[in-house]
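Have a look at the structure below, then the notes.
The values are calculated or read from the model by the stated rules, or taken from the named source; none is laboratory data. The shown structure was predicted, so the numbers you read here are calculated from the model rather than taken from an experiment. Cβ sites come from the backbone with ideal geometry, for glycine too, and all protein chains shown count toward neighbours. Surface accessibility is based on the protein's heavy atoms, side chains included, excluding ligands, DNA and RNA. Shrake-Rupley method; radii C 1.70, N 1.55, O 1.52, S 1.80 Å.
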Amino acid sequence: MSTNRIAKTAAALSLALGLSAGVQAATELKWAHVYEPEHPYHTNALWAAEQVKTRTNGRVEINVFPSSSLGKEIDINEGLNFGAVDIIYSGAAFSEQFYGPVSISNYPFMVRDYDHWKSYRDSDLFSEIKEGYKTATGNEITALTYYGQRHVTSNKAITKPEDMEGLKIRVPNAPLFMLFPKATGANPTPLAFSEVYLALQQGVVDAQENPLPTIKFKKFYEVQSHISLTGHITISSLTLISPITKGKVGDEDYAIIAAVTDEASLRASEEINLSEQQLGSWFEEQGLTVLEVDKQAFQDAVAPMLTGDDLPFTQAQTQRLKAL
């Protein structure tokens, strides 16, 4: 090889090495949750991942793992503490065990409607609760996402508390979900979410309660004939980020991630609220009976259970929430 060619080759190699040294590999983060790929929680997490990549100029890439693919809710919460995952959705009711007040909006009839929920999300009360949660756990709440109002499905008409007497109703395994069934004389039966369809189909339980979009996603309408619009709980989930993640990406990119997850939360919340307004007629088209209920009677039945000192939040916090 000529001296001239050797020199050109060396120069090209030097340039290539210099360029590769100047290209920094993206920091990859994991966002884990338990919801289906079709759910607005997941589709908006994917949107957030795209936004983060764009707004950080490719410095941060987020991979989203739906459907409990990285573990159930307890697993991904534990993973957050060790940095095995960076971002998760976690139900406010589930997170009560780590910091009680975070579940206040999930208690029966604490939230009146979607507008009231939005007021809470933007309130000083929620800001204080976020800080309390961070102090207690180290993890940061960057968003609160609407999941919907929970309604009762069954194979009979339920329009007043007395209609639930003795009803064996599946509930999530968390204390706050026991209040409504107990107040109405029903028999709360904790079951894993994955077992609910078969339990309804086989008559292991008589009923279940979930938001309308979840009833559709999980196809519970195939094994239940009635939906009673009790709206007894307005459910929400937290977007949580591990403190270890800030060390991975730095303050500037962390701020972008926090902002984008909050935007994604609002997008998902609006989609879910809209679908709730439309699904009643859809279920009727599937042959179900959709019933309005005496909501005040249900509220009166539950009210005595929401005044004790054994609740995970104070009565002062309750009054602040109701005043919004």
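Can you tell me which residue within region 159-183, out of those that are of a type in the set (D, E, K, R) and within 19 Å of residue 193 (Cβ to Cβ), is most open to solvent (accessible area, probe 1.4 Å)? Ranking the candidates gives 168 first. Apart from one condition, residue 121 fits all of (1) open to solvent by 10 Å² or more (accessible area, probe 1.4 Å); (2) at pLDDT 95 or above; (3) over 28 Å from residue 264 (Cβ atoms); the exception is (3). Annotation note: Cβ proximity below 6 Å between a residue of region 245-256 that is β-branched (Val, Ile, Thr) and a residue that is part of a helix (DSSP H, G or I) and surrounded by fewer than 19 Cβ atoms within 10 Å (Cβ to Cβ) (sequence gap 6+ or interchain) occurs for 256/55.
So, in region 64-98, of the ones that are among the small types (Gly, Ala, Ser) and in a helix (DSSP H, G or I), which residue ends up farthest from the chain's Cα centre (by Cα)? Break it down stepwise before answering.
Here is the first cut: in region 64-98, the residues among the small types (Gly, Ala, Ser) are 67-69, 71, 79, 83-84, 90-93, 95.
Narrowing the set further to residues that are in a helix (DSSP H, G or I) leaves 79, 95.
Numbers: 79: 17, 95: 11 Å.
So the residue we want is 79.
So, in region 232-268, of the ones that are in contact with a Lys or Arg (Cβ under 8 Å, 6 or more places away or on another chain) and in a helix (DSSP H, G or I), which residue ends up surrounded by the most Cβ atoms within 10 Å (Cβ to Cβ)? Of everything passing the filter in region 232-268, 260 is surrounded by the most Cβ atoms within 10 Å (Cβ to Cβ). Just to be sure, is residue 73 modelled with pLDDT under 95 and touching a helix residue (DSSP H, G or I) at 6+ places or on another chain (Cβ under 7 Å)? So residue 73 fits the description; yes. Of the residues making up region 49-63, those that are assigned to a helix (DSSP H, G or I) and either open to solvent by 20 Å² or more (accessible area, probe 1.4 Å) or touching a residue at least 60 places away in the same chain (Cβ under 8 Å) (or both) are 50, 51, 52, 53, 54, 55. Of all residues in region 194-214, those being assigned to a helix (DSSP H, G or I), out of contact with any Asp or Glu (no Cβ under 6 Å at 6 or more places or on another chain) and in contact (Cβ under 8 Å) with a residue 12 or more places away in the chain number 7.
I'd like to verify a number: residues in region 214-231 that are within 20 Å of the chain's Cα centre (by Cα) and open to solvent by less than 10 Å² (accessible area, probe 1.4 Å), how many?
Step one: list which residues in region 214-231 are within 20 Å of the chain's Cα centre (by Cα), which gives 214-220, 231.
Next, from what is left, pick out any that are open to solvent by less than 10 Å² (accessible area, probe 1.4 Å): 214-215, 220, 231.
The number of residues fulfilling the criteria is 4.
For region 290-307, name all the residues that are surrounded by fewer than 13 Cβ atoms within 10 Å (Cβ to Cβ) and out of contact with any Phe, Trp or Tyr (no Cβ under 9 Å at 6 or more places or on another chain).
Taking region 290-307 as the starting set, the residues that turn out to be surrounded by fewer than 13 Cβ atoms within 10 Å (Cβ to Cβ) are 292, 296, 303-304, 307.
292, 296, 304, 307, listed by residue number.
Restricted to region 128-158, and to residues there that are in a loop (DSSP other than H, G, I, E, B) and within 24 Å of residue 199 (Cβ to Cβ), the residue that is least open to solvent (accessible area, probe 1.4 Å) is 158.
Taking the listed residues 179, 229, the one that is closer than 30 Å to residue 115 by Cβ, part of a helix (DSSP H, G or I) and modelled with pLDDT of 95 or more is 179, with no other qualifying.
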